[in-house]
Amino acid sequence: MIEVLAKLGRGPVFLAGEILECVITFTNPLSASSTSASSEMLAWASAQIHCQFHASESRVALPPSDGGKPDVQAENETVFVPNRGERGQCILSTPPKILFCDFVALKAIPSALLADSYCETLPVDGPPSFRGQSVKYVYKLTIGCQRVNSPIKLLRVPFRVLVLHGLKDYQFPQDEAVAPSNPFLEEEEGLKKDSRLADLATELLMVATSRRSLHLYNISNTHGKMGTFCIFKTVYKIGEDVIGTFNFSEGDIPCLQYSVSLQTEESIQEEFQRRRGQPVSYSTHARHQEACLHTAQSSFSLPVPLSSTPGFATNIVSLKWRLHFEFVTSRELTGTCVVRGSQSEAVTWTGVEQIQVDTFSWDLPIKVLPTNPILASYVSQFSSTNSISI
C-alpha cells in the first residue's frame, strides 16, 4: 500500500493569477507483515488543475454538448483523465504536468518516501469559485497515480479561487531593481511575481474600499417622508461590515419597525434561462430587525461573510449584492394613551390597541470585492491537506 499526501503550503484560497504550490508526498508505510525487502512499484504520477461547472436543469438551459466517448476507464489504461466521474462540465483546465513516468520502488521503511512539488499559475480568465442555487463553479487539483498492474487512482484537492478584475491588465515593471527585494533571500522569478501580485491586489482592494463619501437617501411613501438613511460607502470587501444609520426625527410619518437584509442576487443570462421571465434567486447572508417607534435615530451593522462570493458575471450567470430594506409605518401620528384614576393617583401610559399600517420595501445596490486570500483561508471549508491510499 502507498499513501499519497498532497499539501497546499499557503492555504486553500487563491487569487486568479497567483501561483498554486502543492507538495505531493508518496510513502510506503510499515505494516505488521512488512519486511525490510517489501516494496511497492509506482508506474507514473501526474497532476492538473480543472474547474467543474454544474447547472441546475430546472433553472438553466445549456446548449447540447458534443457527444464524446463514455466516461469509463479500463483498469489497465494509463490515460490521465482528471475529471473522470465528476458531475457537470470541465470548462477550464491547465496543461497536465508529469511528476514522474518511470518505475519507482518504495520500500517499507520509515524513511522511504518520494516527494515532488507541483506549481501552476491559476488562469485569470476563469470564473470564481461559486456554489449558487442555479450554477456551481468548483476548482480542484487532481493528482493521478498508478501502481504497476493496478488501476489508476485519483486524489482530488479542492480549493477556492477569488477573481479580482484589474489584475489581468497589470504590467510588471521591466526593471526588477526598482522592486523591493531582500538580498539575503534567493527567490525564484515566479514566486517573486506571485508575491507582487498579492501585494498589488491588496493595494487595489484598499484603494477601492477606503473611499468614503456621504450618501444620504430620503425615505418616503405615498403618505409622506419617513426619515433619512445615511451610508458612507457602497464598496466593500468580503469580511467587512456594512454600517448604516437612520434619522427618523425629520419624518412626517412614524416608522414602527424596519429590517435590513444583506442579500445576493443570482440571475441567469436571458439566453440561458429555462423559461422566459424566470425569477431571480435571492440569498440572505445577514439580517437586522428593530422596532423603532418614538426612536429618533437608529443604526445597523451587517457583516459580509468571508465565505461568501464577491460579485461577478460570466456568460451564463451574474451575482450582485444589495441591501434590502422593509419598513412598517403608521398612517397617522401615533401617540400614547393616558389613563387617570384620580388626580392623586399615578399616571399610567399605555400603547394604542390598533394601528393602521403600511409596509413598503427598498433595495440599495452595493458592490462586494474579494479580500486577501490568506484571510479567507481561515474560514475555508476546504482542508490544506488531502490524502489517499493506493
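The table for this structure:
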quantity: Residue check, Phe53 of a type in the set (Phe, Trp, Tyr) and at pLDDT 90 or above; calculated: yes
quantity: Inter-residue pairs, beta-carbon under 8 Å, first within 30 Å of Met41 (Cβ to Cβ) and in segment 365-390, second loosely packed, with under 14 Cβ neighbours inside 10 Å and not acidic (Asp, Glu), 6+ apart; calculated: Ser384/Gly9; Ser389/Met1; Ile390/Met1
quantity: Elements of type strands (runs of 3 or more DSSP E) in segment 307-390, at least 2 residues being modelled with pLDDT of 90 or more and under 22 Å from Ser210 (Cβ atoms); calculated: 317-330, 357-369
quantity: Selection from segment 290-310 of residues that are over 16 Å from the mean Cα position of the chain (by Cα), open to solvent by 50 Å² or more (accessible area, probe 1.4 Å) and not acidic (Asp, Glu); calculated: Ala291, Leu293, His294, Ala296, Gln297, Ser299, Ser301
quantity: Residue count for segment 111-150, restricted to those that are closer than 30 Å to Asn28 by Cα and not acidic (Asp, Glu); calculated: 20
quantity: Subset of segment 156-182 (residues that are buried (at least 21 other Cβ atoms within 10 Å of the Cβ) and either outside any loop (DSSP other than H, G, I, E, B) or at pLDDT 95 or above (or both)); calculated: Val157, Phe159, Arg160, Val161, Leu162
quantity: Filter result (in contact with a Leu (Cβ under 7 Å, 6 or more places away or on another chain) and surrounded by fewer than 23 Cβ atoms within 10 Å (Cβ to Cβ)) within segment 145-155; calculated: Arg147
quantity: Residues that are charged (D, E, K, R) and open to solvent by 50 Å² or more (accessible area, probe 1.4 Å), drawn from segment 266-289; calculated: Glu270, Glu271, Arg274, Arg275, Arg276, Arg287
quantity: Filtered residues of segment 133-142 (kept if open to solvent by less than 20 Å² (accessible area, probe 1.4 Å) and over 20 Å from Ile98 (Cβ atoms)); calculated: Ser134, Val135, Tyr137, Tyr139
quantity: Only one of Glu203, Glu188 that is open to solvent by 100 Å² or more (accessible area, probe 1.4 Å), at pLDDT 70 or above and not assigned by the TED database to the domain that holds Val304; calculated: Glu203
quantity: Per-region count, segment 211-223, residues without any contact (Cβ under 8 Å) to a residue 60 or more places away in the chain, surrounded by 10 or more Cβ atoms within 10 Å (Cβ to Cβ) and among the hydroxyl-bearing types (Ser, Thr, Tyr); calculated: 1
quantity: Count of residues meeting criterion [of a type outside the set (Val, Ile, Thr), open to solvent by 50 Å² or more (accessible area, probe 1.4 Å) and touching a Leu at 6+ places or on another chain (Cβ under 9 Å)] in segment 364-381; calculated: 4
quantity: Residue in segment 79-101 that is farthest from the chain's Cα centre (by Cα), counting only those that are open to solvent by 90 Å² or more (accessible area, probe 1.4 Å) and modelled with pLDDT under 85; calculated: Cys101
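The values are calculated or read from the model by the stated rules, or taken from the named source; none is laboratory data. Keep in mind the model is a prediction, meaning the values are calculated, not measured. Heads up, the Cβs are rebuilt from the backbone with ideal geometry, glycines too, and the neighbour counts pull from every protein chain shown. We work out accessible area using only protein heavy atoms, side chains counted, and drop any ligands, DNA or RNA first. Shrake-Rupley method; radii C 1.70, N 1.55, O 1.52, S 1.80 Å.
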